[in-house]
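The values are calculated or read from the model by the stated rules, or taken from the named source; none is laboratory data. No experiment lies behind these values; they were computed from the predicted model shown. Positions of Cβ are backbone-derived with ideal geometry, glycine not excepted, and every protein chain shown enters the neighbour counts. Note: areas computed on protein heavy atoms with side chains; ligands, DNA, RNA excluded. Shrake-Rupley method; radii C 1.70, N 1.55, O 1.52, S 1.80 Å.
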Amino acid sequence: MTAGPNKEDWVWVSNPDHYLCRQVGDTSFVYNRLSGTTHIFNLVSKAMLDYLSAGPKSLRTIVTEFHMFLEVPAEECPRGVARRLFDELDDIGLVQRVGP
Amino acid sequence: MSDKKDEDKGFIERRRQLLKLGAAGVPMVLTLKASATQPVHSALDCAFVIPEKVTILVDVDGKAWVGDGSIQEKQGEYKTKDVDDFKQNADYVFGEGTVPERYRPDGCSTGGGDDDSGDDDGGHGGWGGDDSGGDDDDSGWHSGSGDDDDSDWRTSSSRRGDDDGGYSGGWRGGHGGGDDDGDDDDGGSGGGGWTDCYKVYVISRNTTITPADYLNGSGSWNLQGENGLYILLAGKYLDTYGNDGGFPGISCLLSILNYLETQ
Amino acid sequence: MKQEIQEFLAFAVGDLPLPANTETLSGFIAWAQREHIMGQVAAVIDAEPGSKLSDICENAKLRSSYDRRMLTYETDRIKRALLGTGVEPILLKGSAYVAEHLFAGVGRRVSDIDILVEESDLEQVEALLKEAGWQPEATTENEYDQRYYRRWMHELPPLRHAVRRTIIDIHHRLLPRTSRLNPDHLEMIKEARAIEGEALRVLSPTDRFIHSAIHVFGDGAMETPARSFLELYYLYKDLSKAEGQALYARAIEVRSDGPVAAALWVLRQYFGLDIADEGQGLPSLRLRFLIRQLAENRRYRRLAEILLYIRSHYMRMPVRQLARHLWHKAIRRA
Amino acid sequence: MTVVIMKDLPEASVFNALSEKRLALKLGPFATRLNIGDELTQRFILDMYQEAQVEIGNELLCDFSMTVRPPNLYRRFFRKQIVPDPGFNFPAVPLPSALSPLALEMGLNLNVALQCFRFAIFHAGVVAKGSEALIISAKSGGGKSTLTAALMEDGFRLLSDEFAILDIQDATLKAYPRPVSLKNQAIDVVKAFAGSENVSATFTDTPKGNIAYRRIRASDVAAAGQPASASIILFPEFVEGAAPQITQIDLADAAMQLIASSPNYQVIGEPAFTALMVMLDGVQAFEIKYGNTEDSLEIVHDLLHREPS
């Protein structure tokens, strides 16, 4: 299951106006204003949300560069993992395509 | 990286541990499901009226015919000709195993004569057999949903399905009563005359059925009496044919089932 | 009784100030709750802050905000699922009212989402929505039902989202092929318009009203008459003068004059709207009887409900054909 | 007619008003119009709710309406049964008429659980001392009601033994002090410390075994208007003979469990999220295990006097 089609050159962003975030310890409660659903993020998924909220990026950039945002070597955050993290946010409607 | 906690070594380490889990396929986002996401009250607030008398004929195999005809009854036996006519003209037919044991006739001593069911199903009468597994629970379309441990406002489910033994005597036959007019001659005519291989249930005109009355708090059906049988058939109809066609009460029942699914 | 219901409807749309008589007020609120229109009522009345009435309105607003959010989000998800394909589905009913910010969509209770797509896009839309988690209900997943729906019905078997449990009806016509009423959906699709900035379309305002009338009087949506009437009322109010004048001619053009005549009769009868008779005349005596029973909660309400129910199914599918459907099901299950 | 305490009214007028749908029970933030034709339930109300505020009249606007009636002619004919009808036909267990007060209580709970959206509702008991509230989660069947009833005798006021009712404007907890429902062994335990005169007759053979109710108290009704703020969330577990044990748990876990227990959190949406997050500020959550009531009270005392960690 996916939220829909995707391509490497599509550009995505998260809009901080679309969600509320409250940290309780290492856990983040994220309320999605569009869906009305509360999600629980851990440190890694929260990092992806912050990364996408910081500005638009292509899917290609997201999967290859997310590890830098995390400050870990590339092999600790393989492309597949970054892609799955992105898909999880896409599935719950927290990312929007803004280009091309 | 704006967060100053990011500088914290332990923080990065905890993140790396989580990443390993991510690499192993563990989801990183959890979605909270509140216990009732769609309290569609209106869905439950429905009832329907049976506008004209409805007769339901049930055979020993749990097949059922629904129509508006009348069937003469005498001492628990039914006039074979009426039964045949009724079957010919039935508005809806349900396959073998549709109707739970408790609604079926006790036995079938007159046997034979009724195997004319070929009239409308190509002779084999076998097309019921589908999910007959549920013959005496309420045919599988409830979701059970269990947890009766805590929530007082859900109420518990200790009274499921088939505890209705005490009732069954009450509804047999019922209508058609007027004709115990002594034409015993019929009775004597053996094979073609009367049969005990069926049971007839009649729902009188203007009966209001509120399906929610037959549900317990945990979403299990507790179907009793002829109205219960009607709901059961409506549910079976819905299960098989969806919300189309004209079986009265379907949309009401469907709204309830949809509601239960969200629980 | 008619007078009472006219008065209640006038309170409900804010045409009359709420009654000073507390007993009438309490009767009106009970009626609005029973008819599932409290959300709509709460949107137009001013309740004194801190009063019980304000509590009740607040409660209804919060409840209906959920439906609105659900529709908006599901629409967003449909858009996402079709992203990049160029397919632009037409939103119907509640999802359209909400997407267009119509008053008809404010406070309105809904349970599922309806879209209309061209028949040629049907397969692709269905495949993509399934990909995105909408799945056929287990009960209609078999081949026969699938074929049956495709051959006879105006919509695919409903799909339910695996995670969110919401239901979507994908229409390719407005009523079943078998229906006695046969609206010209192609003509209506031709007039559909894009929602600005979205890969989504909606019917024209006139067709939107016509479709609502079809739904109410041709498709059996009379279980909550007050709710249906309010919808017709607000949709009609949203028409420009010119659109209002051209409405009945358009209804004839798209072969939906029957339901539209009934809808206009309701608007004149219960809201006192001054709508010129463009030759639409009156709906049948029988239908008027049924509507009155329902709307005015008269003695034969229950009977009327069941008759209208039967009528709607009769409109949708001739009995013979239903029998054939049953027959095939029977054989398949052998 | 103005609001009065029910016990100040002549019995007959309460009976009449109940059968004629003219009585509104005004408790905490809710007004409920009662329509009770059943005599056993009328007597139950007169006794258990004697300290409650009521208003009599035809013109009362209410949040909920609640009917206790035999379900239909058909069933009345065969076996007298009772189904609560909280303003809509919710599928509830039809109960034999001897258990009709249960139908009332069940229906009143359903009203809150399913028809209230202006407060975020969580399934938990709540008691308070001063403005400091203790939320007792209903999870794991750990004797929520017994603990609630015990704390009532220990200087706490009752907000509710069934629901944490969170005000979505200011994140305080509202009181709805209805009779506390006691099951099986809890009945005798509570009779022992609350006095058996404060506990209703026991209903036997209910779908949940034996049930009795602890009568509402004048002091709780009088204080119902005062909100309280959550300070501790407890997840109690009663284990016969167990040594007392306290474990602090992650607040995020506690919050998840609260959300999962809510019938309307999802419906309310953002205001519920925001209020819950504000409520959690400064709150601590604990799992506690105990083998008897004295231990459980001691644990609560310890926790309340503990410095925030």
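Numbers at a glance
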{"item": "Check on D:A222, open to solvent by 40 Å² or more (accessible area, probe 1.4 Å), in the same structural domain as D:P271 (by TED's automatic domain parsing) and free of Cβ contacts under 8 Å to residues at least 12 places away in the same chain", "result": "yes"}
{"item": "The lone exception for D:A186 - which of (1) at pLDDT 95 or above; (2) not assigned by TED's automatic domain parsing to the domain that holds D:S160 it fails", "result": "(1)"}
{"item": "Some residue of segment C:203-225 being away from every other protein chain (no Cβ under 14 Å), in a loop (DSSP other than H, G, I, E, B) and hydrophobic (A, V, I, L, M, F, W, C)", "result": "yes"}
{"item": "Considering residues of segment C:60-98 that are over 17 Å from the mean Cα position of the chain (by Cα) and of a type in the set (S, T, Y) only, the residue farthest from A:A3 (Cα to Cα)", "result": "C:S65"}
{"item": "Contacts under 9 angstrom Cβ, first residue in segment D:109-123 being closer than 16 Å to D:K26 by Cα, partner of a type in the set (G, A, S) and modelled with pLDDT under 85, 6 or more apart", "result": "D:N109/B:S151; D:N111/D:G87"}
{"item": "Close pairs (6 angstrom Cβ cut-off, 6 or more residues apart or separate chains): farther than 15 Å from B:I231 by Cβ and part of a strand (DSSP E or B) in segment B:197-209, among the small types (G, A, S) and open to solvent by 30 Å² or more (accessible area, probe 1.4 Å) anywhere", "result": "B:V202/B:G174"}
{"item": "Boolean, C:R77 is buried (at least 21 other Cβ atoms within 10 Å of the Cβ) and away from chain D (no Cβ under 14 Å)", "result": "yes"}
{"item": "Selection count where residues are open to solvent by 10 Å² or more (accessible area, probe 1.4 Å) and hydroxyl-bearing (S, T, Y), scope segment C:88-118", "result": "1"}
{"item": "Flag for C:H36 being within 11 Å of another protein chain (Cβ to nearest Cβ), assigned to a loop (DSSP other than H, G, I, E, B), open to solvent by 30 Å² or more (accessible area, probe 1.4 Å) and within 29 Å of A:R33 (Cα to Cα)", "result": "yes"}
{"item": "Qualifying position, being under 29 Å from A:T37 (Cα atoms) and more than 10 Å from chain D (Cβ to nearest Cβ), among C:L9, C:L92", "result": "C:L92"}
{"item": "Those residues of segment D:106-120 which are more than 8 Å from chain B (Cβ to nearest Cβ) and within 14 Å of the chain's Cα centre (by Cα), in sequence order", "result": "D:G107, D:L108, D:N111"}
{"item": "Hits in segment A:43-88 - residues which are open to solvent by 10 Å² or more (accessible area, probe 1.4 Å), among the hydroxyl-bearing types (S, T, Y) and either touching a Gly at 6+ places or on another chain (Cβ under 7 Å) or farther than 16 Å from A:D9 by Cβ (or both)", "result": "A:Y51, A:S53"}
{"item": "Every residue from segment B:17-42 that is at the interface with another protein chain (Cβ under 7 Å from one of its Cβ atoms), modelled with pLDDT under 75 and open to solvent by 10 Å² or more (accessible area, probe 1.4 Å)", "result": "B:L32, B:K33, B:S35, B:T37, B:V40, B:H41, B:S42"}
{"item": "All positions within segment C:39-71 that are among the basic types (K, R), in contact (Cβ under 8 Å) with a residue 12 or more places away in the chain and open to solvent by 20 Å² or more (accessible area, probe 1.4 Å)", "result": "C:K61, C:R68"}
{"item": "Checklist (1) surrounded by fewer than 16 Cβ atoms within 10 Å (Cβ to Cβ); (2) over 30 Å from C:K190 (Cβ atoms) applied to C:L18, failing item", "result": "(1)"}
{"item": "Unmet requirement for D:S229, which otherwise passes all of (1) modelled with pLDDT of 95 or more; (2) within 12 Å of another protein chain (Cβ to nearest Cβ)", "result": "(2)"}
{"item": "Residues that are at pLDDT 95 or above and either assigned to a strand (DSSP E or B) or in contact with a Gly (Cβ under 8 Å, 6 or more places away or on another chain) (or both), drawn from segment D:137-161", "result": "D:R157, D:L158, D:L159, D:S160"}
